[in-house]
Amino acid sequence: MADASDLQAPAKPPPAERLVERADNFTEEELNALCEAAHSAIIEGGGFGWINPPGRLALESYFRGVLLVPERELFIARLNGTIVGSAQLVRPPRNNEAQAFAAHLMHSFIAPYARGHGLARLLTQRVEEGARALGYQVLNLDVRETQEAAIRLYDSLGYVRWGTHPHYARVGGETIRGFHYYKLLQPRARKA
Ligand SMILES: CC(C)(COP(=O)(O)OP(=O)(O)OC[C@H]1O[C@@H](n2cnc3c(N)ncnc32)[C@H](O)[C@@H]1OP(=O)(O)O)[C@@H](O)C(=O)NCCC(=O)NCCS
């Protein structure tokens, strides 16, 4: 008969593999995964513009279009190899010389089934690195007041809330506020 010392604790699952990278094209499979992630994030509560899922074709066109916009860089987040979210780094238009030092972080999301693995934090940090590498010194972003997870994330990463827009978005017939943030991007210390 087995005694207690023979009983082994169940093996822990290996840690999820996280990866964030810049995308400049997609395979069909990758585009499918990205659209699926966006669709489920919109259903769960949106947060990057859409309130109602726009349908698969519209999402596909949207993400293909993002890759074509010169001022936009798309960063994708993968969990165990599968795309589960994205964020966009948006550069100022060329005519905006006065704000040529500042970029925007927009449309960041992680699919509900991939949350809680630290991917949004990694995604945000990669976008910051991307912005820094392009020479930007400020990163701006804004969120709805109801996006509590995002608010916690940006607060914890040192973003400064500088203003509240009282009429920022309308969801379900209700007007909600938006919080505006910025972060100064310190240049990376040079290695000796
Ligand atoms: C906000 C969002 C991107 C976070 O994704 P995630 O990968 O689960 O986040 P992470 O695992 O990287 O968590 C990073 C931090 O976010 C905050 N956070 C994440 N989930 C949270 C939750 N459910 N409640 C409160 N804070 C939360 C925490 O500060 C967390 O840090 P901690 O784990 O050290 O406590 C995701 O919830 C989402 O897509 N929401 C809808 C879209 C949205 O709000 N986008 C952002 C603005 S456009």
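For segment 92-115, the criterion of being on the phi > 0 side of the Ramachandran plot, within 15 Å of the ligand (Cβ to nearest atom) and polar (S, T, N, Q) is met by none of the residues.
Restricting the first member to segment 53-65 and to residues that are within 9 Å of C35 (Cα to Cα), and the second to residues that are hydroxyl-bearing (S, T, Y) and crowded, with 16+ Cβ neighbours inside 10 Å, the beta-carbon pairs closer than 9 Å and six or more apart or on different chains are F63/S86. Here the condition is being part of a loop (DSSP other than H, G, I, E, B) and either under 22 Å from I51 (Cβ atoms) or in contact (Cβ under 8 Å) with a residue 12 or more places away in the chain (or both); of G163, G158, G178, it holds for G158 alone.
Based on this model, can you work out whether L153 counts as within 11 Å of the ligand (Cβ to nearest atom), free of Cβ contacts under 8 Å to residues at least 40 places away in the same chain and either assigned to a strand (DSSP E or B) or farther than 26 Å from V66 by Cα (or both)? So L153 does not fit the description; no. For segment 59-98, give me the residue count where each residue is part of a helix (DSSP H, G or I) and among the acidic types (D, E). Count: 2. In this structure, Y159 does not qualify as surrounded by 13 or more Cβ atoms within 10 Å (Cβ to Cβ), modelled with pLDDT of 95 or more, within 9 Å of the ligand (Cβ to nearest atom) and under 15 Å from the mean Cα position of the chain (by Cα).
Taking the criterion of being within 16 Å of the ligand (Cβ to nearest atom) and hydroxyl-bearing (S, T, Y), the only residue of segment 116-139 that qualifies is T124. Residues that are over 19 Å from the mean Cα position of the chain (by Cα) and either at positive phi or crowded, with 18+ Cβ neighbours inside 10 Å (or both) do occur in segment 134-149, at least one of them.
Every residue in segment 140-150 that is in contact (Cβ under 8 Å) with a residue 12 or more places away in the chain and either within 8 Å of the ligand (Cβ to nearest atom) or not hydroxyl-bearing (S, T, Y) (or both), please. Passing the criteria: N140, L141, D142, V143, R144, E145, Q147, A149, A150.
When you scan segment 40-66, how many residues do you find that are surrounded by fewer than 15 Cβ atoms within 10 Å (Cβ to Cβ) and either within 16 Å of the ligand (Cβ to nearest atom) or farther than 16 Å from E29 by Cα (or both)?
Qualifying residue count for the region: 9.
When segment 1-27 is examined, which residues are found to be surrounded by 10 or more Cβ atoms within 10 Å (Cβ to Cβ) and either at pLDDT below 75 or not in a loop (DSSP other than H, G, I, E, B) (or both)? Within segment 1-27, R18, L19, V20, E21, R22, A23 meet the criteria.
The values are calculated or read from the model by the stated rules, or taken from the named source; none is laboratory data. On a predicted model such as this, the values are computed, not experimentally measured, just so you know. All Cβ positions, even for glycine, are placed from backbone atoms using ideal geometry, and neighbour counts span all protein chains on display.
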